[in-house]
Amino acid sequence: MTMKQIVMILSALLVMSCCSDEIQAQTNYETMTTKMYITIDGRTETVTLVINSATQALVAKLKEAPVTVTLNSSGGFEIWGALGFSLPTSNEQINAQPGDVILYSGSNICMFYGTNSWSYTRLGKIDGLSQSELRTFLKAGESNISVTLSLNNTTGIKQLKADDSKSRAYTLNGTLAQAGHKGIVIKDGKKYIK
């Protein structure tokens, strides 16, 4: 083997090693243990957040209250829109993939069902959905999509209100007590013997 061949082989190995490091850097992110929840039309999915200043600020904001935003489809690969507040950026050239949740220009959130390459700040990734499932969940191609971001998976029930109609009595089995029922009943949170 000539010296020229050895140099060419070493050069090729060096180039391959550098490319491998770049690919590794693009896919390895330290993730938070805190999950974010995305709710669209009553369906909720989880997002594994990466650790950076943007996600830390977002988690702090979501600890105060859930945030509801209106997003629109764009370019055939994402839904995006204004958050209504700004987050710190650490933009880098990212090849966004289906499921990626990205911060754009510090105050816009993008959720991908396709791919795109741009300078973004990575926020996280929607867990466990295929590309076709993401298209359905994110309402690909639609406009004015109401999306709620939160830190817990709740139904959104804030308060229970009693029925204003006449109070009813229930048996100990939890069934509605019929007229003339004999035994213990519960009415307005109290026990009665009939």
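Below is a table of values for the structure above.
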{"quantity": "Residue in the range 176-193 that is surrounded by the most Cβ atoms within 10 Å (Cβ to Cβ), counting only those that are in contact with a Ser or Thr (Cβ under 9 Å, 6 or more places away or on another chain) and not in a loop (DSSP other than H, G, I, E, B)", "calculated": "Val185"}
{"quantity": "Residues within the range 26-49 that are modelled with pLDDT under 60 and either part of a strand (DSSP E or B) or touching a strand residue (DSSP E or B) at 6+ places or on another chain (Cβ under 9 Å) (or both), tallied", "calculated": "2"}
{"quantity": "Hey, Lys139 closer than 18 Å to Thr48 by Cβ, out of contact with any helix residue (DSSP H, G or I) (no Cβ under 6 Å at 6 or more places or on another chain) and of a type in the set (D, E, K, R) or not", "calculated": "no"}
{"quantity": "Of residues in the range 101-141 being part of a helix (DSSP H, G or I) and hydroxyl-bearing (Ser, Thr, Tyr), the one least open to solvent (accessible area, probe 1.4 Å)", "calculated": "Ser132"}
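The values are calculated or read from the model by the stated rules, or taken from the named source; none is laboratory data. Here the structure is a predicted model, which is why all the values come from computation and not from measurement. Every residue, glycine among them, receives a Cβ derived from its backbone with ideal geometry; neighbour counts consider all protein chains shown. The protein model used for the area step is the full one, side chains on, heavy atoms only, and it has no ligands, DNA or RNA in it. Shrake-Rupley method; radii C 1.70, N 1.55, O 1.52, S 1.80 Å.
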